[in-house]
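The values are calculated or read from the model by the stated rules, or taken from the named source; none is laboratory data. These numbers were taken from a predicted model, which means no experiment stands behind them. Here the Cβ is made from the backbone with ideal geometry for all residues, glycine too, and neighbour counts use every protein chain on show. With ligands, DNA and RNA removed, areas are computed over all heavy atoms of the protein, side chains included. Shrake-Rupley method; radii C 1.70, N 1.55, O 1.52, S 1.80 Å.
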Amino acid sequence: MQSNDRLNHDISQAIQTVLPQRFSVFNLHEPCFDAEEESRVLECVKTNWVSYAGKFVSEFEQRLADILGVKHVIAVSSGTVALYMALKTLGINDGDEVLVPSLTFVATANAVHHAGGIAHFVEAEHDTLGIDAEKLDKYLADVGQFNQDGRFINKMTGRPIRAMIPVHIFGHPAPIKALQALAKKYNLLLIEDCAESLGTTYEGKSLGNFSDAAILSFNGNKIITTGGGGAIATNDDALGKKIKHLTTTAKLVHPYEFEHDEIAYNFRMPNINAALGVGQLQKLDQYLANKRKLASQYQIVFNESPFVDFVSEPENSVSNYWLNAIKLKPDYAEQRNDLINHLMLQKISVRPLWQPMHTLKMYQNNPRMHDLAITEDLYARIICLPSSPFLYENKQA
Ligand SMILES: *Cc1c(COP(=O)(O)O)cnc(C)c1O
C-alpha cells in the first residue's frame, strides 16, 4: 500500500511538471483546428463540393505523397479500409495466412479477416514494440516449408503464409529492414501499418517506403485527422492505379456514360474530409516539432524514476512520438490499474496498450506463435500519456 501511494504520487507529479497548468483536463490525444481547416471546410460547404470529388482530395493525396516520398497515395474512408484494399489488391486469397503482431490495434487483424485472410499472430520485442524479427525467423524456419510453386506453407495448417503486416507502434519504427529481409527470404508480401507513424523516418527515409504498400489513418486521435479517413501509399504504379480504380466503383472515364469494368467499392475520402486534412498538413511540421519536444520533457522527468522507464525512439530513427508512453519496471507491473485510476481521477487521461489480439474472444483460435510472453508483458506494463501536440510548452520562457 505504502509503495503504491508513493508510485502514484511520483508519476502524477512528474506528469504534472510537464503538462501546461493552464489546462484542467488532459485528453490522450486531441486534434487542434484553426483558420487553416475552417477556411477550407467552409469553402467546400459554400461551393457544394462536399462529396467524392473535388480539389482537396487530390491536393491531400499529392501533399502526402511528397511528405512520404512515395509515388502514389490514394485517400480512402478509414485506415481499416486502406488495409483491406491493400490486402485485396496485392492478391490475398481466402484462407491465406497473414502475419500480424499480436500487439496492435484490432483494425489490423480485422482487415485481414475481412479480406478473407487468417491473421497469424507473432511476437513483439521490447526495444521497438514492433515484430521481433529474430524470433520470427526461427519460428518460420520451424513451422513452414516452401512448396513447388515457391509458396511458403504452414506445415501445421497446410495453408500458405502469404504476407506480413509490421505495425509501427506509437510512431516508433518496427525493425523494418530486418522484416523486409524476412519477407524476401520467405516470399511474403509486405504491408506497413503506418496508421500511427506519419512523419517518422527510419535511416533518413519515411516509413511507408519499406514495403509493397503502406497504410495511414486519419482518425480523430491520430497525429493529423480528417475526421475519419485513411490512405494507401505505394511506389508500384500498377498497384496504385488498381486501388484508385477499385475504390471509385471501377468506373471508366467518360463524359456521361456509366460504364464499370469490375465489381468494386465506394471507399474514397469525401472532399470535405480532405479539406480538413489539407488544413492539418499545413501544420504537420509544427506538430512534429512540438511532439518531439514534449517527448523529451517526459523523458527528462522519467529518466531517474525508480518505478518506470520512458518509451523512447529506437536507434536510427526519428519518431513522430504520436503517443508518449511509460513502461512500469517489472516489479511494479501489478500496480498498473491502480496508477491508471489514480491519474484518471486527476483528469489526466492515460490508457493501457490494446489487449493482445490472441487474447480476444474472436481471435483466440487463430494460428499464433506459442510464446507471446513479451507481448503479454508489454501489455501488462505500458501506459500511454497525454500527447496532443499543443501540450508542449517552453518551460524556459
Ligand atoms: C488507428 C489504427 C488503425 C485503423 O485506422 P481507422 O482509421 O481507425 O480504421 C489501424 N492500425 C493501427 C495500428 C491503428 O492505430
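Taking the criterion of being within 16 Å of the ligand (Cβ to nearest atom), surrounded by fewer than 24 Cβ atoms within 10 Å (Cβ to Cβ) and part of a helix (DSSP H, G or I), the residues of segment 62-95 that qualify are THR80, LYS88. Just give me the residues in segment 244-269 being of a type outside the set (Phe, Trp, Tyr), within 14 Å of VAL81 (Cα to Cα) and part of a loop (DSSP other than H, G, I, E, B), in sequence order. Of everything in segment 244-269, those that are of a type outside the set (Phe, Trp, Tyr), within 14 Å of VAL81 (Cα to Cα) and part of a loop (DSSP other than H, G, I, E, B) turn out to be ALA264, MET269. Of the residues ILE232, ILE263, only one is within 16 Å of the ligand (Cβ to nearest atom) and of a type in the set (A, V, I, L, M); which? It is ILE232.
Hey, could you check segment 125-179 for residues that are open to solvent by 20 Å² or more (accessible area, probe 1.4 Å) and polar (S, T, N, Q) and say which is nearest to TRP354 (Cα to Cα)? Within segment 125-179, the match that is nearest to TRP354 (Cα to Cα) is THR157. Annotation: of all residues in segment 185-208 being closer than 18 Å to LEU239 by Cβ and open to solvent by 30 Å² or more (accessible area, probe 1.4 Å), the one that is farthest from the ligand (Cβ to nearest atom) is ASN187. Of all residues assigned to segment 164-180, none qualifies as being of a type outside the set (A, V, I, L, M, F, W, C), away from the ligand (no atom under 15 Å from the Cβ) and over 18 Å from the mean Cα position of the chain (by Cα). Looking across ALA107, ALA124, one residue alone is within 15 Å of the ligand (Cβ to nearest atom), of a type in the set (Gly, Ala, Ser) and closer than 24 Å to LYS205 by Cβ. It is ALA124.
For ASN221, the conditions (1) in contact (Cβ under 8 Å) with a residue 40 or more places away in the chain; (2) within 24 Å of ASN324 (Cα to Cα); (3) surrounded by 19 or more Cβ atoms within 10 Å (Cβ to Cβ) all hold with the exception of (3).
Looking at segment 97-104, is at least one residue open to solvent by less than 30 Å² (accessible area, probe 1.4 Å), out of contact with any helix residue (DSSP H, G or I) (no Cβ under 8 Å at 6 or more places or on another chain) and away from the ligand (no atom under 16 Å from the Cβ)? Within segment 97-104, one or more residues are open to solvent by less than 30 Å² (accessible area, probe 1.4 Å), out of contact with any helix residue (DSSP H, G or I) (no Cβ under 8 Å at 6 or more places or on another chain) and away from the ligand (no atom under 16 Å from the Cβ).
Looking only at residues that are hydrophobic (A, V, I, L, M, F, W, C) and either without any contact (Cβ under 8 Å) to a residue 12 or more places away in the chain or surrounded by 22 or more Cβ atoms within 10 Å (Cβ to Cβ) (or both) in segment 253-266, which one is nearest to VAL76 (Cα to Cα)? Give the derivation first.
If we filter segment 253-266 for residues that are hydrophobic (A, V, I, L, M, F, W, C), which is where we start, we get 253, 258, 263-264.
Subsequent filtering for residues that are either without any contact (Cβ under 8 Å) to a residue 12 or more places away in the chain or surrounded by 22 or more Cβ atoms within 10 Å (Cβ to Cβ) (or both) retains 253, 258.
On the way: VAL253: 20, PHE258: 22 Å.
Going through the qualifying residues, I end up with VAL253.
Please specify each residue of segment 15-48 satisfying the condition of being in a helix (DSSP H, G or I) and within 27 Å of the chain's Cα centre (by Cα).
Within segment 15-48, ILE15, VAL18, GLU36, GLU37, GLU38, ARG40, VAL41 qualify.
Checking each residue in segment 13-38 for being open to solvent by less than 70 Å² (accessible area, probe 1.4 Å) and of a type in the set (Ser, Thr, Tyr) picks out no residue at all.
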